[in-house]
1. For R117, state whether it is part of a loop (DSSP other than H, G, I, E, B) and under 15 Å from R160 (Cβ atoms).
2. Only one residue in R78, R34, R19 is among the basic types (K, R) and touching a residue at least 12 places away in the same chain (Cβ under 8 Å). Which one?
3. Only residues that are hydrophobic (A, V, I, L, M, F, W, C) and buried (at least 17 other Cβ atoms within 10 Å of the Cβ): list them for region 62-76, please.
4. List the pairs whose first member sits in region 150-179 and is within 13 Å of N194 (Cα to Cα), whose second member is part of a helix (DSSP H, G or I), and whose Cβ atoms are under 6 Å apart, counting only residues at least 6 apart or on separate chains?
5. Does region 66-114 hold any residues that are in contact with a strand residue (DSSP E or B) (Cβ under 7 Å, 6 or more places away or on another chain), in a helix (DSSP H, G or I) and not aliphatic (A, V, I, L, M), and which are they?
6. Residues to consider are Q124, Q68, Q93, Q135; find the one that is over 26 Å from T216 (Cβ atoms) and out of contact with any helix residue (DSSP H, G or I) (no Cβ under 9 Å at 6 or more places or on another chain).
7. Would you confirm whether any residue within region 131-150 is outside any loop (DSSP other than H, G, I, E, B), aromatic (F, W, Y) and closer than 30 Å to D83 by Cα?
Amino acid sequence: MHADADHLPPADFAASLARIRARLDAALKEAGRRGPVEIVAVSKTQGEARLKEALAAGQRVFGENRVQEAKAKWPALRAEFPDVELRLIGPLQSNKAAEAIALFDVIETIDRPKIARALKDEAQKQARRPRFLIQVNTGAEAQKAGVLPEDADAFIRLCRDELGMEVEGLMCIPPAEEPPAPHFALLARIAARNRLGVLSMGMSGDFEIAAQLGATHIRVGTALFGDRMVKPDTLTVP
């Protein structure tokens, strides 16, 4: 883990992005793995000024944790930057399914039949075709969302075959107190046997390990934006 990467000052997004890309490229080269690996900028709590700085630096893929926060921030920005890809990377309740389908291009956190069915129904109703990832609780943590590893194959079949959802991959968040590599390797094995090509895994402190073990998307927040500081005049969430 690179401790300094978790505490960068929120000064220069472009410079931070260049550092992340250099570290990512070095990790891939060391593992003998070719990319591409997409950097998902985790933009929760970031206000309009910081997001515009990221957009000016060329970043176009963003991850948000909450539907309501994304709804407050992104519609106006996407009118100005229509090529943005917005990904939901936080837990989702079924009563937010309609808003999630309307807002997000990718929903990474499907983990139970109820939310899968709600999203499928809303996608049909809105004539939208977002892509979906299934979240796997690789550490079987009681407090964390995600389908258990032993239930993942059956749940993937339900979503993909029975519900006809466009499931393209898997996502995980390893336990904070455990080495992440076994969890990333487990996710990669589940994806491989289910012929899923997308792996969203790795964050600011462990993205290099994730990239070496097969990540196609890494979710980076503090290493890009610095430590999160919410100012009342920069973010309003209803």
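1. no
2. Going through R78, R34, R19 in turn, just one is among the basic types (K, R) and touching a residue at least 12 places away in the same chain (Cβ under 8 Å): R19.
3. Of everything in region 62-76, those that are hydrophobic (A, V, I, L, M, F, W, C) and buried (at least 17 other Cβ atoms within 10 Å of the Cβ) turn out to be F62, V67, A70, W74.
4. A152/I190; C159/A116; V167/C159; V167/R160; L170/L187; L170/A191
5. Answer for region 66-114, where residues must be in contact with a strand residue (DSSP E or B) (Cβ under 7 Å, 6 or more places away or on another chain), in a helix (DSSP H, G or I) and not aliphatic (A, V, I, L, M): just W74.
6. Q124
7. The first filter runs over region 131-150 and keeps only residues outside any loop (DSSP other than H, G, I, E, B), leaving 131-136, 147, 149-150.
If we keep only those that are aromatic (F, W, Y) as well, we get 132.
Add one more test, that the residue is closer than 30 Å to D83 by Cα, and what stays is 132.
Yes: one or more hits.
Rundown of residues vs (1) more than 18 Å from the chain's Cα centre (by Cα); (2) under 23 Å from P75 (Cβ atoms); (3) of a type in the set (S, T, N, Q), yes/no style:
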| position | (1), (2), (3) |
| --- | --- |
| I101 | no, yes, no |
| K114 | yes, no, no |
| Q124 | yes, yes, yes |
| F132 | no, yes, no |
| V136 | no, no, no |
| H183 | no, no, no |
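The values are calculated or read from the model by the stated rules, or taken from the named source; none is laboratory data. Note that this is a predicted model, so its numbers are computed, not measured. Cβ sites come from the backbone with ideal geometry, for glycine too, and all protein chains shown count toward neighbours.
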